[in-house]
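Report on the structure given below.
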Amino acid sequence: MVQLVTEGPEYDAAVAIWNGAVTSRPVVVALCTTTADVQEAISVARKRELPLSVRGGGHDWAGRALRADGLVIDLTRMRQVSIEGDVATVGGGATAADVAEAADRQGFAVATGTVGTVGMLGLTLGGGYGPLSGRFGLAADNLLGAEVVLADGSVVQADDELLWALRGGGGNFGVVTSAQVRLHPLTQVLVGSFAFPYDEAEQVFRGYGELLDGGPDELTSVIAIVAGPDGTPLISVAPTWSGDLAEGKAVLDKFAGLGTPLSATITAKSPLEKLREFDGAFPDGVRYSIRTRNVTGYTPEVVAALLDGYATRQSPGTFVNIHHFHGVPTRTPIESAAFGVRQDHFMVELIEVGADGNWPREASTLLAPYSLPGGYPNLLGADDREQVAAAYGPNATRLLRIKHRLDPHGVFTAIALPAGVSGDMGTHSDN
């Protein structure tokens, strides 16, 4: 029988998620350790007519893991990871670090994001950009199978249609209690870390775009506008090379020429060590606000919008983080998985730490005229209705049809969405 808690230390731990700005309080939390527990929790929620959500890794910024006055299915006790050959079977509550650690012990790497505390399956269901994406695809592209508890309580192994939807379509089709994820034989990557003065930003962004244009799959990079140790803004560039190390050294050396480096290092690391780079950098319980846009390149207009937006920041913790989407995921046909954009682009994260949340909205508005429609589903919130409506491009109609077939009563709709939009703001919490 599933353990239900309404107060006390276990309840408090289950409703403590990454973003301290989220204050929703559920009526009850179901502490699940088995698939049968998940089935029972869904039955309880439906009988009592309680809104339902799922807490995976708990690294949730938009509050999808917690429904006010609802029931939370807590999967954090289901963190098992087992490996057979080049496939990992991953429990619904496993974090990216859990999977990467298990893979590392076997000489493998897994396509994850950039933060180890993020729930692996929540990340995967929404897409999953990361430092190995150019070579191995998004996390969603590496999803091979899934066990899912549907709204009626039945347990299924995802068929071709449901698996298609889970590859980037969100978690609103059911509760994914375990999944099979493809691993890749890789034990070392080269990691670059370069910092440039803020007054060279336009030059750095322009050269950065030129350096990455048509670059090899093995090179995937992040560029950021951040505050340095003394609070002075700077441009940070962090390329990762996942191919031959000698070849990669020559490629990464070129990044030092983007401007006048304040610092420049190139280090060989395991993929696990790369994932752990930011351990502790974004602590739980702090107020975070995030908006996202996709741009196709660093035109003068895009760079001006980024810099003008950053100039209006109110919090010293504000930063802009931009991911590189290219290579293997762009050669994946858009109709082959639910993820809605397959052209080369840069995914912009506008992140405010410890303030009122206004800045990301304002910066997003400045960038909107130069952006692709839609945005990254894992970073879209309840206020981003126009972007949500466009996020899945030509796949939206098929997603909506699958949603209606599997969950006609909207049991797993975590956030109310515009008419005609699939329930893509998944109940799985993690971005």
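The values are calculated or read from the model by the stated rules, or taken from the named source; none is laboratory data. The shown structure was predicted, so the numbers you read here are calculated from the model rather than taken from an experiment. Positions of Cβ are generated from backbone atoms using ideal geometry, with glycine treated the same way; all protein chains shown enter the neighbour counts.
List of remarks:
- Among the residues of region 102-113, the one identified as part of a strand (DSSP E or B) and surrounded by 24 or more Cβ atoms within 10 Å (Cβ to Cβ) is A109.
- The residues of region 34-60 that are in a strand (DSSP E or B), in contact with a Phe, Trp or Tyr (Cβ under 9 Å, 6 or more places away or on another chain) and either under 12 Å from L75 (Cα atoms) or of a type in the set (S, T, N, Q) (or both), listed by number, are S53, V54.
- Among residues of region 99-130, those that are within 17 Å of V176 (Cα to Cα) and of a type outside the set (V, I, T), counted: 9
- Filtered residue count, region 3-33, keeping only those that are among the small types (G, A, S), farther than 23 Å from G357 by Cα and outside any strand (DSSP E or B): 3
- Selection count, region 371-415, where residues are free of Cβ contacts under 8 Å to residues at least 12 places away in the same chain and closer than 22 Å to G357 by Cβ: 1
- Filter pass, R291 being surrounded by 22 or more Cβ atoms within 10 Å (Cβ to Cβ), under 18 Å from the mean Cα position of the chain (by Cα) and touching a residue at least 60 places away in the same chain (Cβ under 8 Å): yes
- Residue in region 154-176 that is assigned by TED's automatic domain parsing to the domain that holds A109, assigned to a strand (DSSP E or B), on the phi < 0 side of the Ramachandran plot and crowded, with 24+ Cβ neighbours inside 10 Å present: yes
- Selection count where residues are of a type in the set (S, T, Y) and either part of a strand (DSSP E or B) or under 30 Å from I83 (Cα atoms) (or both), scope region 182-219: 2
- Filter result (over 18 Å from the mean Cα position of the chain (by Cα), more than 28 Å from F205 (Cα to Cα) and not charged (D, E, K, R)) within region 323-342: P333, I334, S336
- Yes/no for A97 being at pLDDT 95 or above and within 18 Å of P185 (Cβ to Cβ): no
- Listed conditions (1) under 18 Å from V99 (Cβ atoms); (2) in contact (Cβ under 8 Å) with a residue 60 or more places away in the chain; (3) aliphatic (A, V, I, L, M) are all met by L150, apart from (1).
- Residues of region 309-323 satisfying the condition of being farther than 14 Å from Y288 by Cα and either of a type in the set (S, T, Y) or in contact with a helix residue (DSSP H, G or I) (Cβ under 6 Å, 6 or more places away or on another chain) (or both): G309, Y310, T312
- Qualifying residue in region 71-89 (condition: closer than 27 Å to F325 by Cβ, at pLDDT 95 or above, buried (at least 19 other Cβ atoms within 10 Å of the Cβ) and touching a strand residue (DSSP E or B) at 6+ places or on another chain (Cβ under 8 Å)): yes
- Filtered residues of region 81-101 (kept if out of contact with any helix residue (DSSP H, G or I) (no Cβ under 6 Å at 6 or more places or on another chain), without any contact (Cβ under 8 Å) to a residue 40 or more places away in the chain and in a loop (DSSP other than H, G, I, E, B)): G85, G93
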